[in-house]
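*Asks:* The structure is given below, and queries will be raised subsequently.
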Amino acid sequence: MKKIILTAFSACFLFTAKAQQANTGNTIRQRLSELNTITDPTALTAKLKELQQGTVEDNYLVAYSYYSSKGMAEQADNLQNEILKKFPKGRLALQQKIQEIGEISDLDARDKSFMEFYKEYPDENFGFLTYSLSQDFAARGDDAKMRFYADIYGKGATDGKGNPIAKETIYAMMAGSMVQANPELAAGYLKYGVDAAEASLAEIKASSSPDPNLLSRAQNNYFAVLTNYVTALSNGKDVEKGYQEAQKAYLALQEDKKADPRSLKYLEGAYVQTLIKTKRFKEALPYIENAVKEDQANKAMMEQLKTAYVAVNGSESGYKAYESNLLVIQEENIQAEIAKMAVSKPAPDFELKDVDGNLVKLSDLKGKVVVLDFWATWCGPCKASFPAMQKAVDKYKNDPNVKFLFLHTWEKGGGDPTANAKKYVTDNKYSFEVLMDLRDPKTNASAVASAYKVDGIPAKIIIDTHGQIRFSTSGFGADADKAVKELSNMIAFAKKG
């Protein structure tokens, strides 16, 4: 069976969701906190040894959580094997099975595997698995399956105050994924969600001194649900109602000086769609133009730009020049934003082995723009960014002055990280040059990631031809074309030195 890798937080979250066994006393989280207060090394070693004895799995899990939290991969890996062997139907083994089911890519196969598991363990806490299954079936438009998995998820779901979440609220959460496949049904669920979110927001606002954080969350939640509701209406038969709801909410949000700009932008996108679908092209055109200028327009919106232009002007005459002008402004805006992001500081030199054992030294690449991509095989967002990164690599494959290096860092769990990294890249047919930024056995740190002050992955560093760091970014945007465009502009900037 495939190993699972848990951080201390996730281990505690997973294992405290159910009631603890009577003889374990405290939750694993609490016991781990107590373990962390032991400063005497001898006493700590004795306590860890004590925990790894007997027949109570929770004791072992406290020690396992400790090793995981400290990045002690070998100890955690060895103890994990021991726990799985000693407790083949224990919590860790069950969580491993849940993870394996969650990694099945085919939805029907994942559903089948879950149902077999569910028959044997109907009272198990399945965590995010049933939530994701419900959303995936919602995206397919399968109402019965959406509700089935939402009901299982809802058994243990609580709000921020520990109160059970109403079934209808959970359905509304899932229905956001249904707005394309089954908009009519989604709108019904989402209407309940809108009403519930609006009532919650009104209750907080009615307080004499509302908590700013609670108010902000409630506002964002309300407008997120409302946006999905409007989208469902505009995708279904009641397009005009979608327009009316969107316009009313959008205008109100525009007037709210304390509104989160992200909520306004999110709702604006849905509002513009209702304008287009109700053929209010004259009203829609300025919004689409602005989206293009700000590089927020996807391919569909670029097509809508042309539709709206023709509807307003009566023909395609002059469209190409009009579109070109907008794209020129877009490029100017992108470059201005890129310039704001630019820094200039020396890039620490390093020498690492690639997955084939060859040494690569950064200083040997001086005179080239070097793109460093810090990633790991366990990092979902890192892997999700790779199709876009492959596009970028392909774009510059014939440019001798640009070099991409993919640094595998912060390895976790057992096995050979070099072999694992090579296998992942090879299996997925990525033409990446992968270097191994392995952890130091003494410090447990990945030296290059530490030198570049990487605090989260994926992280990308762009180094100019003089060996200066010019850009440092983290995270992943889902729009591959936009990601490549942004990276290309950073490379162009770095080429100038």
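The values are calculated or read from the model by the stated rules, or taken from the named source; none is laboratory data. In this text, all values refer to a predicted model and were calculated from it rather than measured experimentally. As a convention, Cβ positions derive from the backbone with ideal geometry for all residues, glycine included, and neighbour counts pool all protein chains shown. The protein model used for the area step is the full one, side chains on, heavy atoms only, and it has no ligands, DNA or RNA in it. Shrake-Rupley method; radii C 1.70, N 1.55, O 1.52, S 1.80 Å.
*Asks:* How many residues are assigned to a helix (DSSP H, G or I), closer than 21 Å to Gly176 by Cα and open to solvent by less than 70 Å² (accessible area, probe 1.4 Å) if we restrict to segment 231-252?
*Replies:* So the count comes out to 13.
*Asks:* Quick check: is even one residue across segment 363-385 acidic (Asp, Glu) and over 20 Å from Glu486 (Cα atoms)?
*Replies:* Yes, there is a match, as at least one residue in segment 363-385 is acidic (Asp, Glu) and over 20 Å from Glu486 (Cα atoms).
*Asks:* So, Ala445, is that one in contact (Cβ under 8 Å) with a residue 60 or more places away in the chain and not polar (S, T, N, Q) or not?
*Replies:* Answer is no for this residue.
*Asks:* How many residues are modelled with pLDDT of 90 or more, open to solvent by 20 Å² or more (accessible area, probe 1.4 Å) and among the charged types (D, E, K, R) if we restrict to segment 445-476?
*Replies:* Of the residues in that region, 3 qualify.
*Asks:* On to the next question. Kindly list the number of the only condition in (1) open to solvent by 70 Å² or more (accessible area, probe 1.4 Å); (2) farther than 27 Å from Ser69 by Cα that fails for Leu438.
*Replies:* Leu438 satisfies every listed condition except (2).
*Asks:* Ok, one more. Evaluate the following for Thr418: is it surrounded by fewer than 20 Cβ atoms within 10 Å (Cβ to Cβ) and polar (S, T, N, Q)?
*Replies:* yes
*Asks:* Taking Pro381 and the conditions (1) surrounded by 13 or more Cβ atoms within 10 Å (Cβ to Cβ); (2) at pLDDT below 95; (3) part of a loop (DSSP other than H, G, I, E, B), which numbered condition does it fall short on, given that it satisfies the others?
*Replies:* Pro381 satisfies every listed condition except (3).
*Asks:* Then there's this: Inspect all residues belonging to segment 329-342 and state whether any of them is in a helix (DSSP H, G or I) and at pLDDT 95 or above.
*Replies:* Among the residues of segment 329-342, at least one is in a helix (DSSP H, G or I) and at pLDDT 95 or above, which makes the answer yes.
*Asks:* Moving to a separate point now. Any idea which residue in segment 68-83 is nearest to Ser33 (Cα to Cα), counting only those that are open to solvent by 40 Å² or more (accessible area, probe 1.4 Å) and at pLDDT below 90?
*Replies:* Ser69
*Asks:* Just to confirm my filter: which helices (runs of 4 or more DSSP H) fall fully inside segment 96-204 and include at least 1 residues that are closer than 26 Å to Asp238 by Cβ?
*Replies:* 128-140, 143-154, 167-175
*Asks:* Further question: Across segment 275-327, what is the total count of residues that are open to solvent by 80 Å² or more (accessible area, probe 1.4 Å), in a helix (DSSP H, G or I) and more than 25 Å from Asp238 (Cβ to Cβ)?
*Replies:* So the count comes out to 4.
*Asks:* A further question on this structure: Looking at the structure I just gave you, is Asp373 surrounded by 18 or more Cβ atoms within 10 Å (Cβ to Cβ), of a type in the set (Asp, Glu) and either in contact with a strand residue (DSSP E or B) (Cβ under 8 Å, 6 or more places away or on another chain) or at positive phi (or both)?
*Replies:* yes
*Asks:* Let me ask something else. Mind checking whether some residue in segment 100-108 is at negative phi, modelled with pLDDT of 85 or more, touching a Ser or Thr at 6+ places or on another chain (Cβ under 6 Å) and open to solvent by less than 40 Å² (accessible area, probe 1.4 Å)?
*Replies:* yes
*Asks:* Further question: Just to check your reading of the model, which residue among Ala187, Ala172, Ala150 is farther than 23 Å from Asp111 by Cα, out of contact with any strand residue (DSSP E or B) (no Cβ under 9 Å at 6 or more places or on another chain) and surrounded by 19 or more Cβ atoms within 10 Å (Cβ to Cβ)?
*Replies:* None of the other options fit; the residue is Ala187.
*Asks:* So, one more: Please count how many residues of segment 116-130 are of a type outside the set (Phe, Trp, Tyr) and within 27 Å of the chain's Cα centre (by Cα).
*Replies:* 5
*Asks:* Follow-up. Among the residues of segment 30-67, which ones are open to solvent by less than 30 Å² (accessible area, probe 1.4 Å), in contact with a Ser or Thr (Cβ under 8 Å, 6 or more places away or on another chain) and in a helix (DSSP H, G or I)?
*Replies:* Selection gives Leu32, Asp58.
*Asks:* From the list Asp427, Asp479, which one is without any contact (Cβ under 8 Å) to a residue 24 or more places away in the chain, more than 24 Å from Lys345 (Cβ to Cβ) and open to solvent by 40 Å² or more (accessible area, probe 1.4 Å)?
*Replies:* Asp427
*Asks:* For Gly314, which of the numbered conditions (1) touching an Asp or Glu at 6+ places or on another chain (Cβ under 7 Å); (2) of a type outside the set (Ser, Thr, Tyr); (3) free of Cβ contacts under 8 Å to residues at least 40 places away in the same chain; (4) farther than 27 Å from Thr465 by Cβ fails to hold?
*Replies:* Every condition holds for Gly314 apart from (1).
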